[in-house]
Structure formats: structure tokens, C-alpha cells
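Following: one structure in C-alpha cells, then a few remarks.
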Amino acid sequence: MKHTADQIRRTIEETIARLPLEGEPPLLYQPIRYAMSQGGKRLRPTLLILAAEMYGAEAQDAIWPAIGLEVFHNFTLVHDDIMDQSPIRRGVETVYKKWTSSVAILSGDTMFALAYDLLIRSESSRIREILHLFNRTAIEVCEGQQLDMDFESQEVVSIDEYMRMIRLKTAVLLAASLKTGALIADVERNEADRIYDFGICIGLAFQLMDDLLDVYSDEALFGKKTGNDIVTNKKTFLYLKAFELANARQKQELEQAFSTSSPVEKVTTVRALYDELGVRDATLNEIQRLHQISESFFDNLPAGISQSDELHKVTLGLVERKF
């Protein structure tokens with residue numbers, strides 16, 4: 001039986017709610033329960049199960065690896081929020097703000113171990129490949145986060161360097177989720193690699209859309225504080241594209257704007273300069289380019305694969321989010 005994305009998300013939420021996260025000491029487990037109970041899109045486990053079903057596996061064969069990757073994803077958010085000093089995620093206080101950084105670090109470490117424990121519940125004959133993929137992905141996510149932090153003190157960052165960073169920090173986990181679903185369904189290696197490459201394209205587009213939403217979205221819809229990337233001088237695609245497009249006068253204005261101490265004035269001024277330079281449209285064009293590349297995946301599915309509509313709909317939604 002094939003399931004819709006909404007049905008899969010409900011199953012994921014129900015399974016997460018049943019995870020044994022009430023252990024001792026409470027201050028270790030309460031933040032984990034808090035982090036896992038905030039909802040979110042549950043995108044990675046949904047993609048994993050949709051991919052598994054599309055290739056002929058049963059949802060129950062994919063549920064524990066799916067939950068494992070979702071726990072891992074939330075672990076990265078707990079630690080990222082400490083490093084980025086982000087006070088709000090999904091409309092509520094981040095773990096380190098609600099407790100302390102030390103508590104958040106230790107709870108996050110526990111989440112990493114829990115994620116691995118959930119992954120190895122899989123009875124797939126290709127569990128070694130799945131675990132190798134997970135380990136490689138976890139390392140790459142850390143590499144991406146370090147590059148992101150390096151960029152904070154690196155005076156010159158190219159757009160190519162930025163795209164490599166978000167590939168590691170964001171796209172590889174989306175791609176690994178899809179490939180894990182394919183491996184659970186025991187697809188041929190070239191097809192597993194093909195859905196991984198598809199996931200990389202979608203992941204890059206997804207992060208660029210996040211960059212755009214940080215500047216231009218309704219904060220209530222986005223679930224994070226709008227303009228935080230500008231306030232923290234984060235070298236996003238929009239930031240880098242603005243300096244690439246700017247003339248000498250505009251570069252000077254950008255530099256002055258990013259050195260402003262008032263957050264409200266800073267966001268307003270930088271956004272106006274982005275508008276003047278056409279940065280929003282340039283970002284949307286790059287998102288559309290990546291999306292067009294990804295569409296070829298669905299045009300070349302193996303014979304007999306006919307249940308791709310749900311996966312297509314979900315991934316299309318990643319690049320068409322509302323402002």
C-alpha cells in the first residue's frame with residue numbers, strides 16, 4: 001500500500017511521540033523531548049519513506065531509519081543554534097536558550113547516539129551501505145558547519161565556495177534520506193546514486209530558498225526571526241550575490257549597512273540595497289535552474305515505477321514555498 005505524504009507525516013509524529021525519552025537524569029532527556037516535539041516539516045523521514053515506497057518497499061521497513069535520520073537532523077539543529085546564537089526556531093525558544101549551552105550540547109550528543117541506534121533497527125540486507133552512507137553524511141554535515149563558521153572570519157568568500165558549503169551542511173542529508181529509502185527497497189546501485197544526485201539538487205535549491213525567506217518572508221510563516229542572517233552578517237547566497245552585482249558605490253553602501261549596529265535599521269537598509277541590485281530575482285533564478293536539473297530524475301525512472309507523484313509533489317513544494 002502506498003501512502004500520501006500527509007499519512008507518512010502522521011505516522012512519523014506518532015512514532016516520535018512513542019520514543020522512550022523519559023529517562024534519568026531528566027535534564028538530559030527533557031531537552032530531547034522538547035526538540036523532537038516541535039514538529040517541523042519532517043521532510044527527511046518523509047522523503048526516505050516516499051522513496052522506499054516508490055521503489056516497491058513497505059513503509060514499515062523504512063520507519064526506523066527514517067526516524068533515526070530525523071533525530072540526527074534535530075541533533076544538528078540543537079548544536080547549530082548554539083553556534084549561530086539563534087534564539088528562536090519553529091516559533092519557540094531554542095534548546096540552549098531554554099536551558100543552557102552545556103545542557104544543549106550533552107542532549108545533542110545523546111540524540112546522535114539515539115539516531116544511530118534507530119538506524120540499526122533496519123532489517124535491510126544493505127544495512128552496511130546504509131550505515132556507511134549515514135556516517136559519511138554525518139561527517140560531511142560537520143564539514144559544512146565548519147566551513148560556515150570559517151566564512152564568518154573569511155573576508156572573501158566566492159559563490160562557488162558557498163554552494164559547496166551548503167551542499168555539505170544541508171543538501172547531503174536530504175540526498176542521504178532519499179538514497180537510504182532506495183537502498184531499503186534494494187534498488188540497483190546506479191539508481192540509488194541517481195536519486196542521491198537528485199536530492200543534492202533539491203537540497204541546494206531548498207537552502208537557497210531558506211536564504212531568501214530569511215530576508216523576505218513573513219516571520220510567522222517562516223518560523224524563525226526574519227533578517228537574522230543580515231543581523232549576523234552571514235555570508236549567504238544573497239549577501240555574496242549582492243557584492244558580485246554591486247558597483248563601487250553600492251559596495252560601499254553595503255559595507256556601511258552591514259556595519260550598522262541597529263538591527264532594525266540594518267535589515268531595512270540591506271533589504272533595500274538587495275532590491276536595488278535585483279538580488280531576490282537572481283536567487284529565484286538560481287533556484288529555478290537547480291529545480292529544472294532535478295526534474296530530469298522523474299523523466300528517467302526505471303520501467304515499472306509509477307508511484308512517483310507524491311515524491312514529486314513534496315520536492316516541488318520545497319522550491320515553491322510562500323513568502
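The values are calculated or read from the model by the stated rules, or taken from the named source; none is laboratory data. If you're wondering where the values come from, they're calculated on a predicted model, not measured in any experiment. Quick reminder, even Gly has a Cβ in these numbers, built from the backbone with ideal geometry, and neighbours come from all protein chains shown.
Could you please let me know if residue 134 is among the aromatic types (Phe, Trp, Tyr), at pLDDT 95 or above and under 19 Å from the mean Cα position of the chain (by Cα)? Yes: the conditions hold for residue 134.
Annotation: of all residues in segment 168-222 being in contact (Cβ under 8 Å) with a residue 40 or more places away in the chain and among the basic types (Lys, Arg), the one that is nearest to residue 294 (Cα to Cα) is 194. Counting only residues that are outside any helix (DSSP H, G or I) and out of contact with any Lys or Arg (no Cβ under 9 Å at 6 or more places or on another chain), how many does segment 302-323 have? The qualifying residues number 11.
Name every residue in segment 54-73 that is crowded, with 24+ Cβ neighbours inside 10 Å and either in contact with a Cys (Cβ under 6 Å, 6 or more places away or on another chain) or of a type in the set (D, E, K, R) (or both), in order of residue number. Across segment 54-73, the qualifying residue is only 70.
Among the residues of segment 78-102, the ones that are among the aliphatic types (A, V, I, L, M) and surrounded by 20 or more Cβ atoms within 10 Å (Cβ to Cβ) come to 2 in all. Within segment 176-197, the set of residues being under 20 Å from the mean Cα position of the chain (by Cα) and buried (at least 24 other Cβ atoms within 10 Å of the Cβ) comprises 176, 177, 178, 179, 180, 181, 182, 195.
Screening the candidates 83, 1 for the property of being over 30 Å from residue 313 (Cβ atoms), modelled with pLDDT under 95 and among the aliphatic types (A, V, I, L, M) yields one hit, 83. Could we say that residue 251 is touching a helix residue (DSSP H, G or I) at 6+ places or on another chain (Cβ under 7 Å), in a helix (DSSP H, G or I) and in contact (Cβ under 8 Å) with a residue 40 or more places away in the chain here? No, not satisfied.
The residue that is nearest to residue 178 (Cα to Cα), among those in segment 137-149 that are of a type in the set (D, E, K, R) and at pLDDT 95 or above, is 140. Please determine whether any residue of segment 309-318 is closer than 21 Å to residue 84 by Cβ and either of a type in the set (S, T, N, Q) or at pLDDT below 95 (or both). For segment 309-318, residues closer than 21 Å to residue 84 by Cβ and either of a type in the set (S, T, N, Q) or at pLDDT below 95 (or both): absent.
Of the set (1) in contact with a Lys or Arg (Cβ under 9 Å, 6 or more places away or on another chain); (2) surrounded by 15 or more Cβ atoms within 10 Å (Cβ to Cβ); (3) over 30 Å from residue 244 (Cα atoms), all apply to residue 124 but (1). Does residue 303 fit the bill of being free of Cβ contacts under 8 Å to residues at least 60 places away in the same chain and either more than 30 Å from residue 6 (Cα to Cα) or of a type outside the set (A, V, I, L, M, F, W, C) (or both)? Judged against the criteria, residue 303 is not a match. Considering segment 306-321, and only residues there that are of a type in the set (A, V, I, L, M) and touching a residue at least 60 places away in the same chain (Cβ under 8 Å), the residue that is farthest from residue 206 (Cα to Cα) turns out to be 311. Taking the numbered list (1) at pLDDT below 95; (2) closer than 15 Å to residue 159 by Cα; (3) crowded, with 18+ Cβ neighbours inside 10 Å in turn, residue 234 passes all entries but (3).
The residues of segment 28-61 that are more than 17 Å from residue 130 (Cα to Cα) and hydrophobic (A, V, I, L, M, F, W, C), listed by number, are 28, 32, 35, 36, 43, 54. For segment 258-289, enumerate the residues that are assigned to a helix (DSSP H, G or I), out of contact with any helix residue (DSSP H, G or I) (no Cβ under 8 Å at 6 or more places or on another chain) and of a type in the set (Ser, Thr, Tyr). If the condition is that a residue be assigned to a helix (DSSP H, G or I), out of contact with any helix residue (DSSP H, G or I) (no Cβ under 8 Å at 6 or more places or on another chain) and of a type in the set (Ser, Thr, Tyr), then 268 is the only one that fits. Pairs are defined by a Cβ separation below 8 Å, a sequence spacing of at least 6 or placement on different chains, a first member in segment 115-139 that is farther than 22 Å from residue 21 by Cα, and a second member that is of a type in the set (Val, Ile, Thr) and not in a helix (DSSP H, G or I); the pairs so defined are 127/120; 131/120.
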